[in-house]
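Here's the structure, in structure tokens; my notes come after.
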Amino acid sequence: MRREQRIVRAWCEVQSAERTAERTRWLEFAAPEIAAQAAPGQFVMVGFGGRGWGSPFLPRPNSVAAVRGERMGLLIRAFGEGSRRLASLQSGDSALLLGPLGSRYRLGDARRILCVAGGVGLAPFLFLPRWAQQKGCGGEIRLLYGERDARAVFDPSKIQELCGLEAEIWTEDGSLGNRGRVTDGIDLDGVDLVLACGPTPMLKLVRKQALQAGVPCQLAVEEHMACGVGTCIGCAIETVDPDTGEQGYDLVCVDGPVFPAERLRW
Ligand SMILES: Cc1cc2nc3c(=O)[nH]c(=O)nc-3n(C[C@H](O)[C@H](O)[C@H](O)COP(=O)(O)OP(=O)(O)OC[C@H]3O[C@@H](n4cnc5c(N)ncnc54)[C@H](O)[C@@H]3O)c2cc1C
């Protein structure tokens, strides 16, 4: 199948970098060619050029979290070597971006959409409402967003600024918003599409609820990957063809990261 998009590989400069929660940064890159094409659910591989440029050698995948004119936003939480280096970037620094990559959420003619975000799984939903408005698709959107505690919550006013929606916040200890897991907030009454992004245990719960209720559901899956373009086969996951029942494997980088819930063999 012919790709509709042109994958761009370019050193891009950080235009702004701000702390938005504990270990979490919001970065905007000057990346006009990626920004012009990217859609919610898609990602970029972010690297530092490999040998001679310091570690890590391999790039890391990150969801496109905003497109503002010629700028592209990323939401970064520092865990290991790659995300720590990325989170340490300041205005004027550059990183090597490759993208846009992967599949996007498909809104079709859904009128009531429930988005469920866990942790940095918030990233695509910071982008989706305005993108949908621009494309003239998608209806009323409700955004549920969960974190461990208040310190991890991405600045709520920044969420509103970026996506134009007020997120319904859930924290496990009740220190901000509702107390409990974000999946406790799911109510599928009247919903005709569920979109989710976050840790795998959360996605499994969302998938179960949506399949039980017979509501179409799309999940953005996270896997470690070395290339992002289907060469390393490092991000293979077990899938099933819902029509034929035939089992196989898909690659999160090129077949995903967004999959219909019924395609995942979980
Ligand atoms: C399609 C896609 C989109 C992504 N989008 C984003 C995004 O928008 N923002 C973002 O911050 N991350 C995102 N990630 C995850 C990000 O790629 C990883 O956090 C990153 O690869 C970690 O690299 P590292 O070198 O920092 O950590 P590694 O050295 O690879 O790992 C260090 C340790 O941290 C753990 N770890 C790594 N990542 C996570 C995590 N996300 N949650 C919990 N523990 C973790 C590892 O298991 C390991 O124990 C995305 C991943 C995929 C596949």
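The values are calculated or read from the model by the stated rules, or taken from the named source; none is laboratory data. As the structure is a prediction and not an experimental result, all values here were calculated from the model. A quick note on method: Cβ atoms are made from the backbone with ideal geometry, for glycine too, and the neighbour counts reach across all protein chains shown.
Table for the structure above
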| item | result |
| --- | --- |
| Subset of region 8-30 [assigned to a loop (DSSP other than H, G, I, E, B) and either outside the structural domain of Ala66 (by TED's automatic domain parsing) or under 18 Å from the mean Cα position of the chain (by Cα) (or both)] | Arg23 |
| Some residue of region 25-44 being surrounded by 14 or more Cβ atoms within 10 Å (Cβ to Cβ), away from the ligand (no atom under 15 Å from the Cβ) and closer than 25 Å to Ser157 by Cα | yes |
| Sole residue being within 24 Å of Ala30 (Cα to Cα) and among the charged types (D, E, K, R), chosen from Arg111, Arg151, Arg142, Arg71 | Arg71 |
| Where Phe127 falls short, out of the listed (1) modelled with pLDDT of 95 or more; (2) crowded, with 22+ Cβ neighbours inside 10 Å; (3) in contact with a Leu (Cβ under 8 Å, 6 or more places away or on another chain) | (1) |
| In region 188-202, the residues that are in a loop (DSSP other than H, G, I, E, B) and touching a strand residue (DSSP E or B) at 6+ places or on another chain (Cβ under 8 Å) | Leu188, Gly190, Val191, Asp192, Gly198, Pro199 |
| Given (1) near the ligand (Cβ under 8 Å from one of its atoms); (2) in the same structural domain as Arg207 (by TED's automatic domain parsing), number of the condition Gly82 does not satisfy | (2) |
| Ala236 modelled with pLDDT of 95 or more and within 28 Å of Arg111 (Cβ to Cβ) | no |
| Which listed residue is assigned to a strand (DSSP E or B), under 28 Å from Arg60 (Cβ atoms) and either within 15 Å of the chain's Cα centre (by Cα) or of a type in the set (Asp, Glu) (or both), from Phe259, Phe154 | Phe259 |
| Residue identified as of a type in the set (A, V, I, L, M), in contact (Cβ under 8 Å) with a residue 60 or more places away in the chain and crowded, with 22+ Cβ neighbours inside 10 Å among Leu162, Leu98, Leu188 | Leu162 |
| Filter pass, Leu144 being hydrophobic (A, V, I, L, M, F, W, C), away from the ligand (no atom under 11 Å from the Cβ) and in contact with a helix residue (DSSP H, G or I) (Cβ under 9 Å, 6 or more places away or on another chain) | yes |
| Region 245-260, subset more than 9 Å from the ligand (Cβ to nearest atom) and among the small types (Gly, Ala, Ser), residue modelled with the lowest pLDDT | Gly245 |
| Residues of region 212-244 satisfying the condition of being of a type outside the set (Gly, Ala, Ser), within 15 Å of the ligand (Cβ to nearest atom) and part of a strand (DSSP E or B) | Gln218, Leu219, Ile237 |
